[in-house]
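Worksheet: one structure, shown below.
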Amino acid sequence: MSCIKVKGGVRLNGDLHISGFKNSALPIIYATVLTKDVCVINNVPSISDVFITFNILKSLGAVISKIGASSYEIDTKNVEFGEAPQDFVRSMRGSYYLLGTELGRFHRAKISEIGGCNFGVRPIDQHVKAFTALGAVVNYNNKSFIMCADKLTGERICFDKISVGATINAMLACVLADGRSVLQNTAKEPHVTDTAEFLKKCGAQIYGAGSGKIIIDGVKRLHGCEYTIMPDMIECGTYLAASAALGGEVCIYGAEPLHMKSVTEKLLQMGADLEAHNDFIKIRGKRLTAVEISTSEYPGFPTDMQPQFAVLNCISRGVGYIKENVWDKRYKYADELVKMGADIRLENGRLITHGVNRLTAAYTEAADLRAGAALVIAALSADGESTISNIHLVERGYEDMWGKLNALGAYTEKCN
Ligand code: EPU
């Protein structure tokens, strides 16, 4: 089992560069299947979810070549309809974007056992609602989704629940459909906009991405393009949280300040010493004051930053409250923090923390990607050397986290 040793009690100092956004990279890489031309994608993060996505596309016939440090040429001319290998699909959530792209290109799709972080039940009924509205017949059998359509016809689709994945999957299926689609109650997350911008560069007609209503006029074909993926707001938020807790001074380059607003505002409310400039964010660590956090869709406080801020609350002054509203089972790291001396408990669906001066090193286990990142922050702040297991889950979504932290003065070392 992969694990990481982390020496605590360090200060972080220096400059850090944010990589491309995992949650944009995945749909954009899948979206290349919608054109038969070559696409060049820049700022692709080197994370295992991306490499698995590459393997899925290669298994269907795509040719993918690395042409720069973080740039890839993706040729999907010879991609054929087929079922992606289950081992790959099972290991990540983003594989569900294959449903939208296969449906768009081949008018049929098949995928089995969609994986991803375990936050309890993760339905995809809103994806299915969109595909069905466009004319697909969807069967769910033995953990497999099988869809086919004689043709896809634009429709008015009002989502019952705001979903990033369903919004993006619907866009993927609509861009080559006949006529106009109107998507309502759509997710406004920056990665929805990023995916739409990529599709638009390929010739798609999409209006309103980033708002609650997206209009798509179907086109006959898409062409290839060169596109640069936006910076990862969750990676940036994670390093902001780590730096805020640890002392020292860190300058974070490459993030989009607008995307960071809910996180930087929360840090300022906690008393953080933070300056947001156009091209960098400077943060100096100090003891903070615990706050109340309630997660919601963008532009609200992101669920993907909730575990990292729970750690901040644990080591800040006073009482903190965290209410998770997107994934009800996303508190699994709390018991691990208790092992480190945190005063944290779940009460009536809210995490309540009483700040302690310091955490103590312990052996902990990452339950999912962001929980793992939170445990890394906790270990960096603790007295002594901690070991965190299941660290491959962190590597799903953070490019070279150990190298980036060590370059700032941390001591982390991979172990088995
Ligand atoms: N939902 C439904 N029906 C659906 C789809 C979603 O009820 O058909 C519910 C979910 O159960 C959840 C809520 O709607 O309660 C939001 O789910 P959403 O579909 O927005 O999440 P997702 O697309 O599956 C993406 C990210 C997650 C991130 C969420 C919320 C990817 C691959 N995953 O998931 O990222 O937490 O949006 O922002 O983009 C992470 O990066 O650590 C991560 C888990």
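The values are calculated or read from the model by the stated rules, or taken from the named source; none is laboratory data. Bear in mind the structure is a predicted one, so any value in this text is a computation, not a measurement. Here the Cβ is made from the backbone with ideal geometry for all residues, glycine too, and neighbour counts use every protein chain on show. Calculation scope for accessible area: heavy atoms of the full protein, side chains included, ligands and nucleic acids excluded. Shrake-Rupley method; radii C 1.70, N 1.55, O 1.52, S 1.80 Å.
Taken together, 129, 188 contain a single residue that is part of a helix (DSSP H, G or I), surrounded by fewer than 20 Cβ atoms within 10 Å (Cβ to Cβ) and modelled with pLDDT of 95 or more, which is 129.
Within region 280-294, the residues that satisfy the criterion of being closer than 19 Å to residue 250 by Cα and part of a strand (DSSP E or B) are 280, 281, 282, 283, 284. State whether one or more residues within region 116-126 are modelled with pLDDT under 95, buried (at least 17 other Cβ atoms within 10 Å of the Cβ) and under 21 Å from residue 212 (Cβ atoms). Within region 116-126, one or more residues are modelled with pLDDT under 95, buried (at least 17 other Cβ atoms within 10 Å of the Cβ) and under 21 Å from residue 212 (Cβ atoms). Contact annotation: residue pairs with Cβ atoms under 8 Å, 6 or more positions apart or on different chains, pairing a residue in region 233-246 that is of a type in the set (Val, Ile, Thr) with a partner that is in a helix (DSSP H, G or I) and open to solvent by 10 Å² or more (accessible area, probe 1.4 Å), are 234/22; 234/23; 234/304.
If the condition is being in a loop (DSSP other than H, G, I, E, B), out of contact with any Lys or Arg (no Cβ under 6 Å at 6 or more places or on another chain) and among the aromatic types (Phe, Trp, Tyr), then region 391-416 contributes only 398.
For residue 196, the criteria (1) assigned to a helix (DSSP H, G or I); (2) in contact with a Leu (Cβ under 8 Å, 6 or more places away or on another chain) hold in every case but one, which is (2). Taken across region 109-116, residues that are within 16 Å of the ligand (Cβ to nearest atom), free of Cβ contacts under 8 Å to residues at least 40 places away in the same chain, of a type in the set (A, V, I, L, M, F, W, C) and closer than 19 Å to residue 369 by Cβ do occur, with at least one present.
The number of residues in region 211-229 that are within 30 Å of residue 280 (Cβ to Cβ) and either of a type in the set (Val, Ile, Thr) or open to solvent by 30 Å² or more (accessible area, probe 1.4 Å) (or both) comes to 4. Cβ-Cβ distances below 6 Å connect the following pairs, each with a first residue in region 119-142 that is among the polar types (S, T, N, Q), a second residue that is near the ligand (Cβ under 7 Å from one of its atoms) and part of a helix (DSSP H, G or I), and a separation of six or more residues or different chains: 126/166.
Here is a check on your reading of the model: is residue 90 within 16 Å of the ligand (Cβ to nearest atom) and open to solvent by 20 Å² or more (accessible area, probe 1.4 Å)? Taking the combined requirement at face value, the residue satisfies it. Filtered by the rule that a residue be more than 16 Å from the ligand (Cβ to nearest atom) and open to solvent by less than 90 Å² (accessible area, probe 1.4 Å), region 134-163 gives 135, 137, 139, 144, 146, 148, 149, 152, 153, 154, 155.
Count, please, the residues in region 145-174 that happen to be touching a residue at least 40 places away in the same chain (Cβ under 8 Å) and touching a strand residue (DSSP E or B) at 6+ places or on another chain (Cβ under 6 Å). The number of residues fulfilling the criteria is 6.
Report yes if some residue within region 295-304 is touching a Lys or Arg at 6+ places or on another chain (Cβ under 6 Å), in a strand (DSSP E or B), surrounded by 15 or more Cβ atoms within 10 Å (Cβ to Cβ) and modelled with pLDDT of 95 or more; otherwise report no. Scanning region 295-304, I find no residue that is touching a Lys or Arg at 6+ places or on another chain (Cβ under 6 Å), in a strand (DSSP E or B), surrounded by 15 or more Cβ atoms within 10 Å (Cβ to Cβ) and modelled with pLDDT of 95 or more, so the answer is no.
Here is the figure for region 164-183: residues that are within 12 Å of the ligand (Cβ to nearest atom) and either open to solvent by 30 Å² or more (accessible area, probe 1.4 Å) or assigned to a strand (DSSP E or B) (or both) total 1. Do the conditions hold for residue 24, that is, is it of a type in the set (Ser, Thr, Tyr), outside any helix (DSSP H, G or I) and modelled with pLDDT of 95 or more? Taking the combined requirement at face value, the residue does not satisfy it. Of all residues in region 295-309, those that are more than 10 Å from the ligand (Cβ to nearest atom) have Cβ atoms under 7 Å from Cβ atoms of residues that are in a loop (DSSP other than H, G, I, E, B), 6 or more apart or on another chain, in 299/188.
For residue 99, state whether it is away from the ligand (no atom under 15 Å from the Cβ) and surrounded by 17 or more Cβ atoms within 10 Å (Cβ to Cβ).
Spelling it out, it is not the case that residue 99 is away from the ligand (no atom under 15 Å from the Cβ) and surrounded by 17 or more Cβ atoms within 10 Å (Cβ to Cβ).
The residue that is farthest from residue 262 (Cα to Cα), among those in region 304-315 that are polar (S, T, N, Q) and touching a helix residue (DSSP H, G or I) at 6+ places or on another chain (Cβ under 8 Å), is 308.
Taken over region 41-53, the criterion of being within 21 Å of residue 201 (Cα to Cα) and open to solvent by 10 Å² or more (accessible area, probe 1.4 Å) is satisfied by 42, 43. When you scan region 33-40, do you find a residue that is under 22 Å from residue 280 (Cα atoms) and buried (at least 24 other Cβ atoms within 10 Å of the Cβ), even just one? The answer is no, given that none of the residues of region 33-40 is under 22 Å from residue 280 (Cα atoms) and buried (at least 24 other Cβ atoms within 10 Å of the Cβ). Does residue 205 satisfy being polar (S, T, N, Q) and closer than 20 Å to residue 357 by Cβ? When the stated conditions are applied, residue 205 does not pass them. Scanning region 1-51 for residues that are farther than 25 Å from residue 383 by Cα, more than 16 Å from the ligand (Cβ to nearest atom) and of a type in the set (A, V, I, L, M) yields 33, 34, 38, 40, 41.
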